[in-house]
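Have a look at the structure below before the remarks.
Derivation of every value follows stated rules applied to the coordinates shown; laboratory data play no part. This one's a predicted model, so the numbers in the text were calculated from it and none came from an experiment. FYI the Cβ positions are ideal-geometry reconstructions off the backbone, even for glycines, and counts take in every protein chain you see.
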Ligand code: HEM
Ligand code: FES
């Protein structure tokens, strides 16, 4: 290409660029379905909510329920556990969050039972902080499900849930 | 090496074909007449061993796929069905499972051979990088295959590895959901892992072909690291010399492989993988397959999620930069006394990391893993560049023939004593 053609673009150049751009858009449009088919499908998205009856869960007990294929911990906390969770100074937490923001009723802690490091299921009533201990790479969580030590970056996730009645919750 | 083919078709059919598709000439030039340095040692037979193992994995894999079911409620049972009911099923499965281990053993020895003799240096940089690509594809194939039996280790390996991507800021979680086809490892995951496990080995075949192509452009390195100067004097034709030596190497390797699969078929496996996958319970102690352990140790050594994942991927990829990190003009470790020591320390550190990867990530193990991980990167990023500039190397031989002559003189002296 001589300087001349750059200085004075021909109608052809515009056509080439326009055609090339359209071809790129078309190719991307064709590739998208091939990639997007791998995303969660309609049946997976449809598994939206799970109800849990709380009557059988005694203080101190943790029950694991399944929601969207994932474990959710429903923990009936004892007064000591509640006090521990509430009295921890926020400054000592890697991912500071008040206990009151993580529960709807202090006795009931509902968290997704998946370690925020690489997805293992932590073991209840273990680890230094009486919450959970993850066997995979040693993260520990407290009685509010907050990360206290180890490689996990954040607190156990609190799912969306509502109290349908005093003794029943609906997750999702 | 390149240039017009020396192949002369003998039969009329061969002549007819050669004018239309010169495939016989190509095979002849690549695997019969191809000149190989005279002084290659047995570390040069691993290329052939690896090719053999790739074919072995494909053959045993395709027949296993005739009996295996990639569906979460049936997969585990279909493996037991293979083990108990399918004719020869147990041997086919043990051949495939141990074949993966043998494949990795061979690739590690092949890579270390390249490191010791400086085979990644000019003009073989592209050959080396294609080799690292092969290694990555092998890791992917091995990981995907390990998920298929749908045991506890399968499930939790799949969970931990796919969750590595959640470390990526902002888009990490979406990438993981996309890889899994859901919010946790489930049927969608198993089904696609099977499809990909079937696909990747054939992509490997294509990448191996590129690797061999690059090899045949530059020619092989050799233990002296000095390039071939006189093709006539310093090389022998691939067939029969390399073909026979490679066949012997494969035979010796098969003895080990057969011993593993017939006598200790579960030695390298994990007993927990004979427990069906349970998405609600993580085993108390999860470990990856042995060939991933050093990298797993690096991941766990770092108490921060994102940095741990970055360190893991860097540890795998950093060898690709060797042609530029190792600044020494001398190729072979034979003439580099300090490099040679550093090389063996590196081997020991890698084995140490492998050991630590299988231990619980706590206390003294964790600190040892931190020190060894730091050394691993120190070796590549500081030691090699520094050594290349400051090491006093020993004189390289004039040529391959003079090094052979010198070696012969020594043995003759010895025989006179
Ligand atoms: C690069 C080559 C390959 C490697 C490294 C590899 C590796 C593996 C590994 C580690 C396993 C798990 C074995 C176990 O613990 O049971 C496995 C399973 C399996 N692979 Fe492969 N594989 C390769 C090629 C193939 C090919 C080409 C197929 C063809 C479809 C295949 C089909 C299967 C099947 C059906 C299973 C499940 C049965 C079983 O677990 O024994 N593989 N593979
Ligand atoms: S997955 Fe829990 S600490 Fe790594």
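Taking the range A:141-172 as the region of interest, how many residues are closer than 19 Å to residue B:286 by Cα and more than 9 Å from ligand 2 (Cβ to nearest atom)?
Adding up the residues that qualify gives 0.
With the range B:135-245 as the region, which helices (runs of 4 or more DSSP H) entirely inside it contain at least 1 residues that are away from ligand 2 (no atom under 16 Å from the Cβ), within 14 Å of chain A (Cβ to nearest Cβ) and closer than 18 Å to residue B:55 by Cα?
B:187-218
Restricting the range A:120-132 to residues that are more than 6 Å from ligand 2 (Cβ to nearest atom) and at the interface with chain B (Cβ under 10 Å from one of its Cβ atoms), which is farthest from residue B:165 (Cα to Cα)?
Of everything passing the filter in the range A:120-132, A:123 is farthest from residue B:165 (Cα to Cα).
Every residue, every condition in (1) over 17 Å from residue B:223 (Cβ atoms); (2) without any contact (Cβ under 8 Å) to a residue 40 or more places away in the chain, yes or no:
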site	(1), (2)
B:316	yes, no
B:349	yes, yes
B:352	yes, yes
B:358	yes, no
B:364	yes, yes
B:373	yes, no
B:382	yes, yes
B:401	no, no
B:407	no, yes
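Go through the range A:133-162 and count every residue that is surrounded by 14 or more Cβ atoms within 10 Å (Cβ to Cβ), more than 11 Å from chain B (Cβ to nearest Cβ) and assigned to a strand (DSSP E or B).
Within the range A:133-162, residues that are surrounded by 14 or more Cβ atoms within 10 Å (Cβ to Cβ), more than 11 Å from chain B (Cβ to nearest Cβ) and assigned to a strand (DSSP E or B) number 4.
Quick test of your reading of the structure: residue B:330 fulfils all but one of (1) touching a residue at least 40 places away in the same chain (Cβ under 8 Å); (2) away from every other protein chain (no Cβ under 12 Å); (3) in a helix (DSSP H, G or I). Name the failing condition by number.
(3)
Considering the range A:95-124 alone, what residues qualify as being without any contact (Cβ under 8 Å) to a residue 60 or more places away in the chain, farther than 23 Å from residue B:277 by Cα and in contact with a strand residue (DSSP E or B) (Cβ under 8 Å, 6 or more places away or on another chain)? Break it down stepwise before answering.
First, pick out the residues of the range A:95-124 that are without any contact (Cβ under 8 Å) to a residue 60 or more places away in the chain: A:96-107, A:109, A:111-123.
With farther than 23 Å from residue B:277 by Cα added as a condition, the list becomes A:96-107, A:109.
Result: A:102, A:103, A:104, A:105, A:107, A:109.
For residue A:86, state whether it is in contact (Cβ under 8 Å) with a residue 12 or more places away in the chain, farther than 21 Å from residue B:183 by Cβ and more than 11 Å from chain B (Cβ to nearest Cβ).
Yes; evaluated as a whole, the condition is true for this residue.
Residue-wise test of (1) free of Cβ contacts under 8 Å to residues at least 24 places away in the same chain; (2) within 16 Å of ligand 1 (Cβ to nearest atom).
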site	(1), (2)
B:167	no, no
B:178	yes, no
B:190	no, yes
B:214	no, no
B:221	no, no
B:224	no, no
B:232	yes, no
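With respect to residue A:48, is the statement that it is more than 18 Å from residue B:178 (Cβ to Cβ) and not in a helix (DSSP H, G or I) true?
Yes; evaluated as a whole, the condition is true for this residue.
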